[in-house]
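One structure is given here, and the rest of the page talks about it.
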DNA sequence: CCGCCATTTTGATTTGCGTCAAAACAGTAA
DNA sequence: TTACTGTTTTGACGCAAATCAAAATGGCGG
């Protein structure tokens, strides 16, 4: 009986917060070793998900928040008439599901765009533990707040930027997030379709495609289908917030 | 010396959570009498603000969150080139400043549109108290989550609705919030300018004005400058999510 | 009360992006 | 390989909302 037990243990270790390479990016950031152990006890379910799977659906009851270990997903709000608005793209270290705490029901669908692994964090356990560990409490609040701050940025984008600016902001944001996770900031795969990018940016897929082609023609990026290379990151940055700026 | 002391006490009582008419709408919702007392101890600063005042400015360090007792305000994100995006309108019972918890710095300006009174809630005290009072902790999380959910709704609006729909959603949202506070759901004053409405909705002020005039011509509302009366609330509701709907 | 300034309305015109359409391309399964 | 499907690109055209402009209205201070 020793062998299977050890396998289980190795498996558990492999996916524990304390040994997870993301723990400085994820919810347990800044916790001590013993506090990490408490986190490990709280998170006992990890789910593997395939492209196309839903982490949760709009309307479903909130069971847990989900920390992304690997992979890539989108969250999208659906309008009754079928219109879809992508509210965000999420990658490892991100925490999703926080929109559901208010009502107990998920507001958006979370759809897997690239095979992923998520850690289920029961809300009740998180609340309990964050009453005991002030730095966990603080960090959870920071994460929710950062989501609000991100949303304000998206509102600025959707409310007052032209197509080129929106796309530039989008690429710079992806770049910065990949960099923060140790990946290249200038070369990456777009896991989503042009239509999903468009939905996120409040544009039609044709406009996204045209604008990308335009960036390519200007030598700002090199795009080949889903593979993207940023060639002139500073020019992209300049592009944002110029607008024609007649002030 | 008795008289001035009593005046102070009356003044304190008047503004305590335990006697505040908003306590079922505001942060202390659902707390017991003794828990309300603890809230009272935490909130000892109330500020009176005049139209045009800032509750906080973008870039300023986070000192406290602010619960609105009376009045009306907007929060707006500024782009370096001067573009302003109104991220929300806030009224009594609302909690503002949560965007700053993540970085410790406010991301947006909170500007008073109608003389207001706010309660300062030091974040540290709130964290401390919510570790002791689980229902306060839960409710604080719900409030942050509702802000995220609201933001998703605004994204849907900005990303995929036409002008008429945006304005209809805006009016219905105001209507519903006034109703929740015991005011008329069909007749109210718009405290903001057409330009501020436009900024919030991702439209220009002329479009807001034109669309309001159109609603008036259709008999949906009666507008007279800032005074608005909703005449056919169901028609407004129908207008949202029709879009031409060829599905 | 008047005059001033900010706000709002309305009209004429422009334009950026959406819509429609079709071809090119990539990925998958047989 | 070939056929099939979903995605992307590119072009031509139309439209909703922006822009430009000017008049009307409202509110405030003197």
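Since every read-out is calculated from the coordinates, none of them should be taken as a lab result. What you are looking at is a predicted structure, and each value in this text was computed from that prediction instead of being measured. All Cβ positions, glycine included, derive from the backbone under ideal geometry; neighbour counts span all protein chains shown.
Some points to look at:
- The protein assembly as shown - Rg (one decimal) and Dmax (whole number), Cα, Å: 23.9, 82
- Of the two radii for the range B:44-86, the radius of gyration is 0.98 times the Kirkwood radius, both from the alpha carbons; that is the Rg over Rh value.
- Pairwise centroid distance, computed over Cα atoms, of the range A:214-238 with the range B:42-73, Å: 43 Å
- Sorted shortest first, the separations between the residue A:33 label point and its copies elsewhere in the assembly read 5.1 nm; each point sits 7 Å from Cα along the Cα-to-Cβ line.
- Peptide A:98-106 shows a mean partner chain C-beta count of 5 within 10 Å per residue C-beta.
- Helix A:134-160 and the longest principal axis of the C-alpha atoms of chain A enclose an angle of approximately 20°.
- Label-point gap, in nm, between residue B:222 and residue B:206 - each point 7 angstrom along Cα→Cβ: 3.0 nm
- Once the mean of 1/r is taken over each pair of separate Cα atoms and inverted, chain B shows a Kirkwood hydrodynamic radius of 19.6 Å.
- Tensor-based shape of the range A:80-182 (alpha-carbon gyration tensor, a/c under 1.5 rounded, otherwise prolate or oblate): prolate
- Placing dummy labels 7 Å off each Cα toward the beta-carbon, the span from residue B:229 to residue B:24 is 3.0 nm.
- The long axis of helix A:33-42 is offset from the longest Cα principal axis of chain A by roughly 90 degrees.
- Taking the longest Cα principal axis of chain B as reference, the axis of helix B:2-14 is set at about 40 degrees.
- Per-copy distances of the residue A:225 label point, shortest first, in nm (7 angstrom along Cα→Cβ): 6.3
- Chain A, relative contact order [Cα under 8 Å, separation at least 6], %: 17 percent
- Inter-copy separations for residue B:181, label at 7 Å along Cα-Cβ, nm, ascending: 4.1
- Sorting B:196-203, B:79-86 by average packing, meaning the other beta carbons within 10 Å per residue, from highest down gives B:196-203, B:79-86.
- If R0 is taken as 56 Å, the Cβ-Cβ distance between residue B:117 and residue A:128 corresponds to a FRET efficiency of 0.95.
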